[in-house]
Amino acid sequence: MSVTAAKGFTAAGIAAGIKESGGPDLALVVNQGPRLAAAGVFTANRVKAAPVLWSQQVLKGGQVSAVVLNSGGANACTGPEGFQDTHATAEKAAEVLGHNAGEIAVASTGLIGVRLPMDKLLPGIDKAAAELSAHGGEKAAIAIKTTDTVHKTAVAQGEGWTVGGMAKGAGMLAPGLATMLVVLTTDADVDAEGLDATLRSATRQTFDRVDSDGCMSTNDTVLLLASGASGITPDAAAFAEAVRTVCDDLARQLIGDAEGASKDIRIEVVGAATEDDAVEVGRSIARNNLLKCAIHGEDPNWGRVLSAIGTTSAAFDPDKLNVAINGVWVCRNGSVGEDRDLVDMRYREVRITADLAEGTETAVIWANDLTADYVHENSAYSS
């Protein structure tokens, strides 16, 4: 599993002392080639962390030979000094690995507005490089955790080639990417242009449709690296499906580990006039705090679903809206449907279907309930 499932990659995860807990906090992923093709998608937040700005520049060249990732500090809103810290990180990795700093991506996660302890991070790169292994993917995935309770990995197999990946993320999950760091790797022989098109399509359908708490990060980074080590150039559709499968698996794991959540909410919008309408309605439902509270209390309050739909610009007739919760159509034609007492909400996953009765387009958005544990997690985080 993870980023070393594909041939041509090594990885490591170590404790550099960045986290006060002393836990693993620095990961290194290295592409050994022969191809160094790469693509990346980053946060849409206008306030971007230094490593995002750096890695966006790196990706313009279409090649990434290594990725340095740290938890324990976001290096966001740290001014010119913070950008220099990211630059120094890439330079150090280049020195240790014998690579070009302009081909080394950097990703950080943790508290915003705090400088990274470079006296610990830079020596940590030496340590991580010494522990690089073709079996190091799991340790790398563990090292990028922040409030995550579990590390997140996934893999998909093609005909003689593989796509693997790791992700971190448990809070501040909203479109514009979900709040996360993701590294995907493949030994398929695909060029940077092909990787970019594939990654953008996959993230649009997966990570961009995770909306746990409506908060957009400054650090979101999704990278896709190709080593070409299999020597196989796969069918474009098969490769795209494998990448989408890995992204979907990781996105689902992000939702399942969201901070303080007790319910995972699958919101499917059907009968929309356009896909954009379906996505807009799904996000509106996902971000309705009253509904999220109702779901936490196991109350099938479909009126809050209709209320959320009504705030959008999507095409619909209020008198034709239908809503099902866990398969029970509690709202029919904008009014009372089946008996709401028939809805069983005892289990972790809650499924909401919103039918706009305007067309054939659909979209699925994943969200969570709103709990006291979520409030505690995010009020005590910086202490």
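Every residue, every condition in (1) outside any loop (DSSP other than H, G, I, E, B); (2) modelled with pLDDT of 95 or more; (3) touching a Leu at 6+ places or on another chain (Cβ under 7 Å); (4) surrounded by 21 or more Cβ atoms within 10 Å (Cβ to Cβ), yes or no:
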position	(1), (2), (3), (4)
Gly40	yes, yes, yes, yes
Arg46	no, no, no, no
Pro51	yes, yes, no, yes
Trp54	yes, yes, no, yes
Gln57	yes, yes, no, no
Gly61	no, yes, no, no
Val68	yes, yes, yes, yes
Ala76	no, no, no, yes
Pro80	yes, yes, no, no
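Selection within the range 82-107: residues that are closer than 18 Å to Pro123 by Cβ and among the acidic types (Asp, Glu). The member of this set that is least open to solvent (accessible area, probe 1.4 Å) is Asp85. Which residue is most open to solvent (accessible area, probe 1.4 Å), if the candidates are limited to the range 298-313 and must be within 18 Å of Leu342 (Cα to Cα) and assigned to a loop (DSSP other than H, G, I, E, B)? Among residues in the range 298-313 that are within 18 Å of Leu342 (Cα to Cα) and assigned to a loop (DSSP other than H, G, I, E, B), the one most open to solvent (accessible area, probe 1.4 Å) is Glu298. Evaluate the range 304-321: report whether one residue or more is of a type in the set (Lys, Arg) and touching a residue at least 12 places away in the same chain (Cβ under 8 Å). Yes, because at least one residue in the range 304-321 is of a type in the set (Lys, Arg) and touching a residue at least 12 places away in the same chain (Cβ under 8 Å).
A quick yes/no check of all residues on (1) closer than 26 Å to Ala258 by Cβ; (2) open to solvent by less than 50 Å² (accessible area, probe 1.4 Å); (3) at pLDDT 95 or above:
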{"site": "Ala286", "(1), (2), (3)": "yes, yes, no"}
{"site": "Asn289", "(1), (2), (3)": "yes, no, no"}
{"site": "Ala315", "(1), (2), (3)": "no, yes, yes"}
{"site": "Asp319", "(1), (2), (3)": "no, no, yes"}
{"site": "Ser335", "(1), (2), (3)": "no, no, yes"}
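If you filter the range 266-285 down to residues that are touching an Asp or Glu at 6+ places or on another chain (Cβ under 7 Å) and not in a helix (DSSP H, G or I), you find that the one that is nearest to Arg351 (Cα to Cα) is Arg266. Could you tell me which residue of the range 323-333 is most open to solvent (accessible area, probe 1.4 Å), considering only residues that are assigned to a strand (DSSP E or B) and either of a type in the set (D, E, K, R) or in contact with a strand residue (DSSP E or B) (Cβ under 8 Å, 6 or more places away or on another chain) (or both)? It comes out as Arg332. In the set (1) within 17 Å of the chain's Cα centre (by Cα); (2) over 30 Å from Lys320 (Cβ atoms), Asp264 fails one condition alone, (2). Among the residues of the range 337-376, just one is surrounded by 17 or more Cβ atoms within 10 Å (Cβ to Cβ), among the charged types (D, E, K, R) and at pLDDT below 95, namely Asp369. So for the range 107-126 (the condition being among the charged types (D, E, K, R) and part of a loop (DSSP other than H, G, I, E, B)), does at least one residue qualify? Scanning the range 107-126, I find at least one residue that is among the charged types (D, E, K, R) and part of a loop (DSSP other than H, G, I, E, B), so the answer is yes. Mind checking which residues of the range 188-221 are at pLDDT below 95, open to solvent by less than 20 Å² (accessible area, probe 1.4 Å) and touching a helix residue (DSSP H, G or I) at 6+ places or on another chain (Cβ under 8 Å)? The answer is Thr203, Thr206, Phe207, Val210, Asp211, Ser212, Thr218, Asn219, Asp220, Thr221.
The values are calculated or read from the model by the stated rules, or taken from the named source; none is laboratory data. Nothing here was measured: the structure is a model prediction, and the numbers come from that model. Cβ atoms come from the backbone with ideal geometry, glycine included; neighbour counts cover every protein chain shown. Quick note on the areas: whole protein, heavy atoms, side chains included, nothing else; ligands and nucleic acids left out. Shrake-Rupley method; radii C 1.70, N 1.55, O 1.52, S 1.80 Å.
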